[in-house]
Amino acid sequence: TYASQTIEVIGTYLNVFPNPANETISFSYGIGSRESAIIKLYDCIGRLVYQEQLTTSSGGSTISTSLSSGIYFLSLESGDEFLKNEKIVISK
């Protein structure tokens, strides 16, 4: 017999795929017990190029981008706190 089990992820996480990316960047996230968070995308010199207010404690989204090839950083932030940060390579 097989048993099934549901595992609830508690805590903070940020997963980015595919990496390297081309036209779209997908991500999944969890912010634990925090009330809100923002996902921000920065270029390699620190300029903010995209942001999205997250309305649930976990989920995912896709960013369609017309950004040029290069290195970017996807940041999960709550208030003044950086929760997670992932490097993304965009290759066209």
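The values are calculated or read from the model by the stated rules, or taken from the named source; none is laboratory data. The structure displayed is predicted, hence computed values, not measured ones. All Cβ positions, even for glycine, are placed from backbone atoms using ideal geometry, and neighbour counts span all protein chains on display. Only protein heavy atoms, including side chains, enter the accessible area calculation; ligands, DNA and RNA are left aside. Shrake-Rupley method; radii C 1.70, N 1.55, O 1.52, S 1.80 Å.
Quick check on segment 31-77: take the gyration tensor over C-alpha atoms, sort the square-rooted eigenvalues as a ≥ b ≥ c, and tell me if it's rounded (a/c under 1.5), prolate or oblate. In terms of gyration-tensor shape, prolate. The slack in the chain from residue 57 to residue 87, taken as 0.36 nm per residue of separation less the alpha-carbon distance, amounts to 8.6 nm. Each Lys or Arg adds one and each Asp or Glu subtracts one; over the other residues with Cβ under 13 Å from the Cβ of residue 73, this totals +1.
Contact order for the chain, expressed relative to its length and based on alpha carbon pairs under 8 Å spaced 6+ residues apart, stands at 31 percent.
Ligands, DNA and RNA are left out, and with a 1.4 angstrom probe the accessible area of the chain is 66 Å² per residue.
Length available on full extension from residue 68 to residue 28: 0.36 nm per residue minus the Cα-Cα distance, which gives 12.1 nm. The stretch between residue 43 and residue 15 holds 8.3 nm of extra length on full extension. This uses 0.36 nm per residue minus the Cα-Cα distance.
Here the 3J(HN,Hα) profile of segment 52-57, calculated from phi with Karplus coefficients 6.51, -1.76 and 1.60 at θ = phi - 60°, is 8, 6, 8, 9, 10, 6 Hz, Gly and Pro shown as x.
Counting charges near residue 14 (Lys, Arg +1; Asp, Glu -1) among other residues having Cβ under 9 Å from its Cβ returns a value of 0.
Shown here: Rg/Rh (Cα atoms, Kirkwood Rh), derived from the displayed model; of the candidates [x] 1.04; [y] 1.15; [z] 1.00, it corresponds to [x].
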